[in-house]
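The values are calculated or read from the model by the stated rules, or taken from the named source; none is laboratory data. These figures come from a predicted structure and were not determined experimentally. Virtual Cβ from ideal backbone geometry, glycine too; neighbours counted across all protein chains shown. Side chains are part of the model used for accessible areas, which takes the heavy atoms of the whole protein and leaves out ligands, DNA and RNA. Shrake-Rupley method; radii C 1.70, N 1.55, O 1.52, S 1.80 Å.
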Amino acid sequence: MKVQLVKVHGSGNTFYLYEALYDDKLDFVNMAKQLCDPSINGGADGLLLVLPSDIADAKMRVINADGSEASMCGNGLRCVARHVCEKLEVDEALIETMHACLAVKKEAPIFEQLPTYSVEISPISFELSSLPMFLEDKLELHHERIPAFSEEIPFTAVSVPNPHLIGIVDKKYIENTSHQQQLAAFLNSDNDYCPDGVNVSYVLPISNNEIFVRTYERGVGFTNACGTAMTASALISIMENIVSDNLITVYNPGGFVQCSVTQYNDKWTLALIGNATIVGYYDIEYIGNKIEFINCVMSEEQVQYDKCNIFAENKLISITK
Ligand SMILES: N[C@H](CCC[C@H](N)C(=O)O)C(=O)O
């Protein structure tokens, strides 16, 4: 069976996007694992499925590189938003996700002429049971030290709605990722705290409206960026008075995004704004359960994005000097 895929990324978090006519009989788990193999065309962090929806303009499903399915993907949703808006020739749309229909919108470029979209990040819960995470005598975890995780780093647990553990750290934990690697690998293996795993992010405060976030993603490992994690990190940074502005620039190893965090009547509203870049168009042949790449046409957009990435890298150098 011949399949057409688009390789896309949001802030360097790279995916294959496949528009399926319906919940195909294709084995998406097997497809994702093969497509994300780093030895083939540089791999990817996951597979985005764009499907018809009865309640929205389209439906998005997210399969991680290890074949696990996630309830949400912020960087991926921006890429799906662009795909759907350009197909329907609109600037705004509604995308059905596992737990909510989310508003998406074409925005003015975040950097030079970069195609930019905003996506709603919702629902949000601080209940440990929503991740799930199990901690003795706790129903929530707010900016607290858990000795089993770290004696130094205060962590917050939040679902948006995929699960996140957010630590506010000083520079040494950004320069050396071994602590984060060890903790995240433990919490994403057989353990008593997070039976379904968890995305683990370390956040370095920069200014009253800038943070740096590095994420070890559940089902993937370290990625250039994790959209839901960056938005959750912006939320925690506001709640803990680490930043004071409602529009936060979040730098990451793959570039930068902006996160809008507003509160009304005790309800938080989150939006993630950033690029939706097309890397290339791929034709594959799906023979039995084996994927063969037939053809690939690279897009010119990556050149444009590289300039954005250099801007972010220079900022990171200035921060961690
Ligand atoms: N690995 C995540 C899903 C992808 C999220 C990330 N790529 C984003 O941009 O939010 C999880 O299993 O919850």
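I need the full set of residues from region 102-119 which are without any contact (Cβ under 8 Å) to a residue 40 or more places away in the chain and not aliphatic (A, V, I, L, M), in order please.
Those that are without any contact (Cβ under 8 Å) to a residue 40 or more places away in the chain and not aliphatic (A, V, I, L, M): Lys105, Lys106, Pro109.
Could you figure out which of (1) closer than 17 Å to Tyr16 by Cα; (2) among the hydrophobic types (A, V, I, L, M, F, W, C); (3) under 19 Å from the mean Cα position of the chain (by Cα) isn't true of Val297?
Only one criterion in (1) closer than 17 Å to Tyr16 by Cα; (2) among the hydrophobic types (A, V, I, L, M, F, W, C); (3) under 19 Å from the mean Cα position of the chain (by Cα) is unmet by Val297, namely (3).
Output the residues belonging to region 37-66 that are open to solvent by 10 Å² or more (accessible area, probe 1.4 Å) and touching a residue at least 40 places away in the same chain (Cβ under 8 Å).
Ile40, Asn41, Asp45, Ser53, Ile55, Ala56, Asn64, Ala65, Asp66
Given the options Ile238, Ile273, Ile294, Ile242, name the one that is open to solvent by 10 Å² or more (accessible area, probe 1.4 Å), closer than 17 Å to Gly167 by Cβ and in contact (Cβ under 8 Å) with a residue 40 or more places away in the chain.
From the options Ile238, Ile273, Ile294, Ile242, the qualifying one is Ile242.
Quick one: which residue in Thr249, Thr262 is closer than 22 Å to Leu141 by Cα and at pLDDT 90 or above?
Thr262
For region 133-144, what are the residues that are touching a strand residue (DSSP E or B) at 6+ places or on another chain (Cβ under 9 Å) and over 17 Å from Ala184 (Cβ atoms)?
Lys138, Glu140, His142, His143, Glu144 - these are the residues of region 133-144 that are touching a strand residue (DSSP E or B) at 6+ places or on another chain (Cβ under 9 Å) and over 17 Å from Ala184 (Cβ atoms).
On the basis of being open to solvent by 10 Å² or more (accessible area, probe 1.4 Å) and touching a Leu at 6+ places or on another chain (Cβ under 8 Å), does Ile124 make the cut?
Yes; evaluated as a whole, the condition is true for this residue.
Determine whether Ala93 is surrounded by 19 or more Cβ atoms within 10 Å (Cβ to Cβ) and without any contact (Cβ under 8 Å) to a residue 60 or more places away in the chain.
Yes, satisfied.
I'd like to know if region 307-317 contains one or more residues that are in contact (Cβ under 8 Å) with a residue 60 or more places away in the chain and open to solvent by 70 Å² or more (accessible area, probe 1.4 Å).
There is at least one residue in region 307-317 that is in contact (Cβ under 8 Å) with a residue 60 or more places away in the chain and open to solvent by 70 Å² or more (accessible area, probe 1.4 Å).
Residues of region 188-212 being surrounded by fewer than 21 Cβ atoms within 10 Å (Cβ to Cβ) and more than 21 Å from Glu313 (Cα to Cα), which ones?
Within region 188-212, Ser189, Asp190, Asn191, Asp192, Tyr193, Pro195, Asp196 qualify.
Which ones in region 2-36 are touching a residue at least 40 places away in the same chain (Cβ under 8 Å) and hydroxyl-bearing (Ser, Thr, Tyr)?
Residues satisfying the conditions are Ser11, Thr14, Tyr16.
Among (1) assigned to a strand (DSSP E or B); (2) modelled with pLDDT of 95 or more; (3) open to solvent by less than 10 Å² (accessible area, probe 1.4 Å), there is one condition Val3 misses while meeting the rest; what is its number?
All conditions are met except number (2).
Which one of these does Thr215 not meet: (1) surrounded by fewer than 18 Cβ atoms within 10 Å (Cβ to Cβ); (2) at pLDDT 95 or above; (3) over 15 Å from Ala70 (Cα atoms)?
(1)
Just name the residue that is farthest from the ligand (Cβ to nearest atom) out of those in region 248-268 that are over 28 Å from His179 (Cα atoms) and either open to solvent by 10 Å² or more (accessible area, probe 1.4 Å) or charged (D, E, K, R) (or both).
Asn265
Grab the strands (runs of 3 or more DSSP E) fully contained in region 7-99, keeping just those with 1 or more residues being within 13 Å of the ligand (Cβ to nearest atom).
By residue number, 13-19, 46-51, 58-64.
Would you call Glu136 touching an Asp or Glu at 6+ places or on another chain (Cβ under 7 Å), surrounded by fewer than 21 Cβ atoms within 10 Å (Cβ to Cβ) and of a type in the set (Asp, Glu)?
When the stated conditions are applied, Glu136 does not pass them.
What pairs can you find where one residue is in region 143-169 and surrounded by fewer than 21 Cβ atoms within 10 Å (Cβ to Cβ), the other is among the basic types (Lys, Arg) and part of a loop (DSSP other than H, G, I, E, B), and their Cβ atoms are less than 6 Å apart, with a gap of 6+ or different chains?
Pro154/Arg145
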